Amino acid sequence: MSELKQTRPKGTQDFVPPDSERRRQAEATFRHLAETYGYREIITPTFEHTAVFVKSSGETSDIVTKEMYSFKDRAERDLTLRPEGTPGVVRAVLENQARMPCRLYYVGPYFRYSRPQKGRYREFGQVGVEALGEASPLTDAEVIFLGDAFFRSLGIHDCTTQVNSIGCRECRPGHRDALRNYLLERKEQLCGDCRLRIDRNPLRVFDCKVEACRQAVEGAPTPRQHLCEACKRHFEQVLADLTQRSLPYEVNDRLVRGLDYYNRTTFEYISASLGAQDSLGGGGRYDYLVEEFGGPDTPAIGFALGLDRALLAAPPAAGPARRHLAFVVWLTESELGETEKLAAKLRADGIPAQVDYDARRVKAQFKSADAAQAACCIIIGPDELAKGVYSLKDLVSGEQHEVPFDAITAAVRKRFRD
Ligand SMILES: [Zn+2]
Ligand SMILES: [Zn+2]
């Protein structure tokens, strides 16, 4: 038998309280926000047939060539832990024959074998929306606005939005040819990856982080210079609507996003406080993807936002120092029955309640209450029971007073409010 590894795998994270709660809170904020725009949650498997991702993201994309956790199961099926959300959602929408238009959101773990860095993990949290069956540029602007609103609701106020248009089936070939010719003239300056990209997918050279490549594309033909009239108009309307919504944006001609399925509008959210790892997420239009999956012609747009980096950029939660939890303390074994009953009543009234059944001494029970970060203790002893009261001790102020049996719920609620 192999030795038991005592540490988590590289690039993964543990979330112990209160970090787990902060994360769930951010997810809840996203769920609520997305629902106010009419989105409903879709839950898809964490792994799919590998072809789902290869087909949509593109065989030459970094995700597919370098970053997927792919494996064969015991029946030799080719499966992959999902590296992103959109392909699985599109697959599921078609398989379940969802009615169009269809607004969906998702929340969950995603997996990429990349170099772990600050705020970047191999298993990472992502939230996203997909608006399927919507073609209007106003949808683009609304989707972009929604992502920005999420970051703001987390307290991230230095977020800027970069937008670009990479054209459509009509105008992309013209740009691709111009770009290919431009890059061929500078082939010597490009890195090995980019030389291969010239033929396969020249647009991706814009994504390259190698300095020489960045310089080489400095004066390259941009997708925007080659937009057809329809794409130009679409992009102008997106920008006009963003302006009307007072959303600060910058047009970035280099923003092409590393996935094959995007067309027209692409966008990315940037936070200055994150340093070099400044992207909080992004998205774009993918009007051809549903068709490529064998479905009907369905325009669509969506985004995916990284939860890990968002929580890194967000200010720490200023929650209460103590949890909304009442710890019920018993003095002698004869009060145990009453203790269980009171805990049950509090829970039925919606108040989280906990009892230490092991600790015989009151002092030990108070220690447990402190470890649990409870806001208050309710003490039940023979004297209290004889008088028909509980002793309620506030663990923040240390203050203690007696409360009649039937007033305990209200008294604890008041403690939580203060
Ligand atoms: Zn076009
Ligand atoms: Zn390069």
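I'm a student and want to see the number: the projected area of the Cα convex hull of the range 17-60, averaged over all directions, in nm².
On the way: hull surface 20.3 nm².
That works out to 5.1 nm².
Suppose we take every Cα in the range 1-93 and form the convex hull; what volume per residue is that in Å³?
Numbers: hull volume 14.7 nm³, N = 93.
So the per-residue Cα hull volume is 158 Å³.
Which of these, 183, 342, 104, has the largest mean-square fluctuation under a Gaussian network model of the chain (Cα springs below 10 Å)?
342
Could you estimate the translational diffusion coefficient of the chain from the Stokes-Einstein equation, with Rh from the Kirkwood formula over C-alpha pairs, at 20 °C and 1.002 mPa s, in whole µm²/s? Show your work: numbers first, answer last.
Values: Rh = 24.9 Å.
Translational diffusion coefficient: 86 µm²/s.
With a cut-off of 8 Å between alpha carbons and a minimum separation of six or more residues, what is the relative contact order of the range 267-361 in percent?
That works out to 19 percent.
What is the distance in Å between the Cα centroid of the range 37-92 and that of the range 313-350?
First find each Cα centre; the distance between them is then 43 Å.
Per residue, how much space in cubic angstrom lies within the convex hull of the C-alpha atoms of the range 67-154? Don't skip to the end; give the middle numbers.
Numbers: hull volume 11.3 nm³, N = 88.
Value for the range 67-154: 129 Å³ per residue.
Which order results if 351, 380 are arranged by neighbouring Cβ count within 10 Å, fewest first?
Numbers: 351 19, 380 23.
Exposure proxy ranking, most exposed first: 351, 380.
Can you give the angle from 0 to 90° between the axis of helix 172-185 and the longest principal axis of the chain, with both taken from C-alpha atoms, to the nearest 10?
On a 0 to 90 degree scale, this one is about 70.
Could you tell me the convex hull volume per residue, in Å³, taken over the Cα atoms of the range 128-173? Numbers along the way, then the final one.
Numbers: hull volume 4.4 nm³, N = 46.
Hull volume over Cα atoms, normalised by residue count, gives 95 Å³.
Which of the trypsin sites (Lys or Arg not before Pro) found in the range 1-103 are in a DSSP loop and have at most 12 neighbouring Cβ atoms, other than their own, within 10 Å?
On the way: sites: 5, 10, 22, 23, 24, 31, 40, 55, 66, 72, 74, 77, 91, 99, 103; in loops: 5, 10, 74, 77, 99.
Those that pass, being in a loop and sparsely packed, are 5, 10, 74, 77, 99.
About its Cα centre, how strong a charge dipole does the range 33-185 have in debye, to the nearest 20, once Lys and Arg get +1 and Asp and Glu get -1 at the Cβ?
Working: 20 positive and 21 negative charges, 77 e Å.
Around 380 debye, computed over the range 33-185.
Per DSSP H run of at least 4 residues, take -39500 (n - 2.57); add these up for the chain, divide by its residues and hand me the 222 nm value, nearest 500 deg cm²/dmol. Walk me through the numbers on the way to the answer.
On the way: 14 runs with 148 residues, N = 418.
Helix contribution divided over all residues of the chain: -10500 deg cm²/dmol.
Expected output is a single nm value to one decimal: the length gained when fully extending between residue 72 and residue 114, i.e. 0.36 nm times separation in residues minus the C-alpha distance. What is it?
Numbers: separation 42, 0.36 × 42 = 15.12 nm, distance 2.03 nm.
So the extension gain works out to 13.1 nm.
Given the options 310, 149, 369, which has the most mean-square fluctuation in a GNM of the chain, springs set between C-alpha atoms less than 10 angstrom apart?
Among 310, 149, 369, the largest GNM mean-square fluctuation belongs to 369.
Give the residue list of chymotrypsin sites (Phe, Trp or Tyr not before Pro) in the range 58-122 that are DSSP loop and have at most 16 other beta-carbon atoms within 10 angstrom. Write out the running numbers ahead of the final one.
Numbers: sites: 69, 71, 105, 106, 110, 111, 113, 121; in loops: 113, 121.
Counting only loop positions with at most 16 other Cβ atoms within 10 Å, the chymotrypsin sites (Phe, Trp or Tyr not before Pro) in the range 58-122 are 113.
Out of 178, 160, 149, whose Cα points farthest toward the positive end of the dipole of the range 142-193 (charges: +1 Lys, Arg; -1 Asp, Glu; placed on Cβ)?
In the range 142-193, that residue is 178.
With angles folded into 0 to 90 degrees, how steeply does helix 19-36 sit against the dominant principal axis of the chain? Use alpha carbons for both and round to 10.
It works out to around 60 degrees.
Average projected area of the Cα convex hull of the range 323-417, in nm²? Kindly include the intermediate steps, with their values, before the conclusion.
On the way: hull surface 21.1 nm².
Its average projected convex-hull area is 5.3 nm².
If one computes P(r) from the Cα atoms of the range 274-320, what percent of pairs lie at distances over 17 Å?
Working: 602 of 1081 pairs.
Here the long-distance tail beyond 17 Å is 56 percent of all Cα pairs in the range 274-320.
Angle, helix 362-371 long axis vs. longest principal axis of the chain, Cα atoms, 0 to 90°, nearest 10?
10
Give me the mean projected area, in nm² to one decimal, of the convex hull enclosing the Cα positions of the range 98-195.
10.2
Each reported figure results from applying straightforward, stated rules to the coordinates on display, with no laboratory input. Note that the structure is predicted; figures quoted are calculated from it, not measured. All Cβ positions, even for glycine, are placed from backbone atoms using ideal geometry, and neighbour counts span all protein chains on display.
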